């Protein structure tokens, strides 16, 4: 049952004088029947103090106990799955299929981190026996603050990739719940708290704070006890937190995954030959009412004859479409404002908006696109902009002009290979993931995934927020020189008691020393 | 021969109207007979434009060609070794043995990166064949600016670890030479330029700019074409560059290795039993006239009886010592100022300064140390502060209070194991490398080395500036999804043409797909 309280290091606290807020069903505009309490400055401080005080103990939790903890989180979430799914749907208006799919994805993500811990190699033990005895491994950075994302109430929120990767790294976590799905977030927090209790872990390992005010985020990130921040959301939100973190006396890493327009480049032969393109793009643009980080907001086509008119073909598919509302009225309002500014300005060559839903599309020629930087701004929602190029050179110029992106897609036929290669050479500097088939929506949670990209897509392109490599955001190397075997962490001891793969004098091995 | 000019992408440029400066022999106060030209804003811009324009080509340089380049740098430096060594000594007043030792260390560092490239595994190829075909590897971040360090004219300067690791990563480099050893730096730059020519690499891969003004560094770091910065030096210098880089429209990583006081904790039994301590510490503190990053500036002793008086034993060894001057008058002046502020204030319990050289030592009790944060500030030079603790608890409290450090050292006997363990648990959060024998000066260049630490020791504790892992500062992952084999980088192609170790579906192997 949802109680609306804040969780400070194991205690659900009720403060009668706290500011209250509610969550709203975006379909019916009805409020959920719970008064959520906004976290106070005192609660923020105490949550972080508890996280910091518990850090030494948390950092020492064995890999086996971390596995047990993650498994327990899975079980506790499954026990209240139906309540989570029902609340998720009320708070987001997303369909039951999506809710269950995202729940399962969240379980699977946790499973990938369990497997990472089972292998144990991620600590990157490196031993050097000649000269001084040097042994290095990764060690957790300290308390981490995680911000829930509005567009993924489960997979990028309370028990999402940020929190679970931080737990895998042995960092205490304070979650700032997203106010649009405070109830869903609280239920997941209840499951995590039960897991903390059952596994007898230090209570400071997890706190869960709510509220609508941006001040809560600012107070959290500014607190000197915090050592890292995970965020998925808008550019303005992520950049504000990043700036705050850099202005602290001790700057700290902020992993903000922010806007991205995920361009799709369609080369000449492909455009002519593939009749499924318009349908595939229309579906990708409108999937989840356009609220995915990898939503394709820019389609760059090489159409020398100018006769293919992909824009028209996509808009035909948008006409008469039915889409669920966006996850919150505020997001819808901002989207509508951005669209009407397109409609009223002379920025676009053509503009179409569906009468039955939010889906929309615009088009512009390459010269115009290259001369107006504002066209590269993300429109969060089911909108895409088609950039029409007269030739390869224009298409490559557009490719070279693109700001940092989570993804970029090159769709070509074998006969497009020459331009593909040139374009790829540009895009490698601009994108974290480059696709050659299909659409960028749909992000596999594997070791080989990269969900991150050069600024402004993220604040740190060297890391990923999806896939098991996400754990490296919360770790830093510590080297031990001539350390007595019994004082070494298990991963570095002579006997290799964890049986992990280690580098010994440059050679990967599971051998003991 | 030293010409005093700036190198802009392969061309040694002379600008008659540029500001001139000279380098001074700190022993004789004589100037080197060369007028060095300060780089102009125009030269800065052009060097960075050339770096940026060459980036696509540089990023595509094969591992084999990168090896050839680094080998060629070694050879070209060896050809003018005697001139480099002579200039090094004139500009730094450091002894010939140190000069030759640092030259050899620089060669060895380059050799480690050659070996890294020979193996090729550092690109971290990770392939996932189920579901979408995902293949990820590390890709260079773009043009890098490297600042030469005053205290290591070779090993942390023009062809030092920052530059060579960036070349290994396939990033173009613009070096800002340190004005205290502009001649040494230029000679090394000449060797690198010859290597660029002989290997027929794009000229934009390397530029070398000089000057005394801080504006040059600011202009370099603020330029939007720069994608990363390497710096070794003072806290004020490193932090200023870091702040500039974070205030850019696109923030970029700055790897600044800054001050560190490298505490040595001497536990009770060790203090009583080890008669070589005073000598070892006096030597480490005064090594290179105290100008090493890992110079121990804090000695924390557990001396319950208060009768051991390590301070006196060390000061006895400093008395009558002869040390070379510091590498520049300005450093000496700042050191002398810091010492006289100790002498005139009431901050210390005891203070001693050698009459024959710069070596100095102070002492303070733990209570006083814990209540005066200013005592944690680095005094760059041959000074150390002894903190006297009455018991274990005080010693651990001092350990917990320590700011981020490059190193921390615990010296104990087996009977000190209990307190060692408690102290270690604190220090893991505060230091990058923890030693259990000897002194922190002397940094082995191996894969297992960590030369970095939590802020304020560095601006990014997740990376190292010494050892082959330094290459990861200049790399970011790029994933390819469903990419045709012929468009993939060699490291990710089915056949594994490079023969490197790759992760395929979670398993490390050199197999083809």
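The values are calculated or read from the model by the stated rules, or taken from the named source; none is laboratory data. All values derive from a computational prediction rather than experimental measurement. With ideal geometry, Cβ positions are generated from the backbone for all residues, glycine too; neighbour counts draw on all protein chains shown.
Name the single residue, out of those in segment A:448-458 being facing chain B (nearest Cβ under 7 Å) and either modelled with pLDDT of 95 or more or under 12 Å from the mean Cα position of the chain (by Cα) (or both), that is nearest to residue A:157 (Cα to Cα). Looking at residues that are facing chain B (nearest Cβ under 7 Å) and either modelled with pLDDT of 95 or more or under 12 Å from the mean Cα position of the chain (by Cα) (or both), I get A:450. For segment B:110-123, a residue qualifies if it is more than 9 Å from chain A (Cβ to nearest Cβ) and touching a residue at least 60 places away in the same chain (Cβ under 8 Å), and the qualifying residues are B:112, B:113, B:116, B:120, B:122, B:123. Of the strands (runs of 3 or more DSSP E) contained entirely in segment A:379-447, those carrying at least 1 residues that are within 12 Å of another protein chain (Cβ to nearest Cβ) and surrounded by 23 or more Cβ atoms within 10 Å (Cβ to Cβ) fall at A:405-411, A:431-435.
Residues that are touching a residue at least 40 places away in the same chain (Cβ under 8 Å), crowded, with 18+ Cβ neighbours inside 10 Å and out of contact with any strand residue (DSSP E or B) (no Cβ under 6 Å at 6 or more places or on another chain) are absent from segment B:12-19 altogether. The set of residues in segment A:487-512 being more than 13 Å from chain B (Cβ to nearest Cβ) and free of Cβ contacts under 8 Å to residues at least 12 places away in the same chain consists of A:493, A:497. State whether one or more residues within segment A:70-79 are farther than 30 Å from residue A:489 by Cβ, in contact (Cβ under 8 Å) with a residue 40 or more places away in the chain and more than 14 Å from chain B (Cβ to nearest Cβ). Within segment A:70-79 (the criterion being farther than 30 Å from residue A:489 by Cβ, in contact (Cβ under 8 Å) with a residue 40 or more places away in the chain and more than 14 Å from chain B (Cβ to nearest Cβ)), the answer is yes, since at least one residue qualifies. Applying the set (1) within 14 Å of chain B (Cβ to nearest Cβ); (2) over 17 Å from residue A:405 (Cα atoms); (3) crowded, with 21+ Cβ neighbours inside 10 Å to residue A:265 leaves exactly one unmet item: (2). Taking the numbered list (1) in contact with a strand residue (DSSP E or B) (Cβ under 9 Å, 6 or more places away or on another chain); (2) closer than 30 Å to residue A:220 by Cβ in turn, residue A:271 passes all entries but (2).
Each residue in segment A:16-52 was checked for being touching a helix residue (DSSP H, G or I) at 6+ places or on another chain (Cβ under 6 Å) and closer than 17 Å to residue A:139 by Cα, and 1 pass.
Outside the structural domain of residue B:233 (by TED's automatic domain parsing) and either crowded, with 20+ Cβ neighbours inside 10 Å or touching a strand residue (DSSP E or B) at 6+ places or on another chain (Cβ under 9 Å) (or both): is that true of residue B:512 in this structure? Against the criterion (outside the structural domain of residue B:233 (by TED's automatic domain parsing) and either crowded, with 20+ Cβ neighbours inside 10 Å or touching a strand residue (DSSP E or B) at 6+ places or on another chain (Cβ under 9 Å) (or both)), residue B:512 does not qualify.
Taking residue B:260, is it buried (at least 24 other Cβ atoms within 10 Å of the Cβ) and at pLDDT below 95? Taking the combined requirement at face value, the residue satisfies it. Restricting the search to segment A:460-486, which residues are at the interface with chain B (Cβ under 7 Å from one of its Cβ atoms), over 16 Å from residue A:155 (Cα atoms) and outside any strand (DSSP E or B)? Within segment A:460-486, A:461, A:462, A:482, A:483, A:484 qualify.
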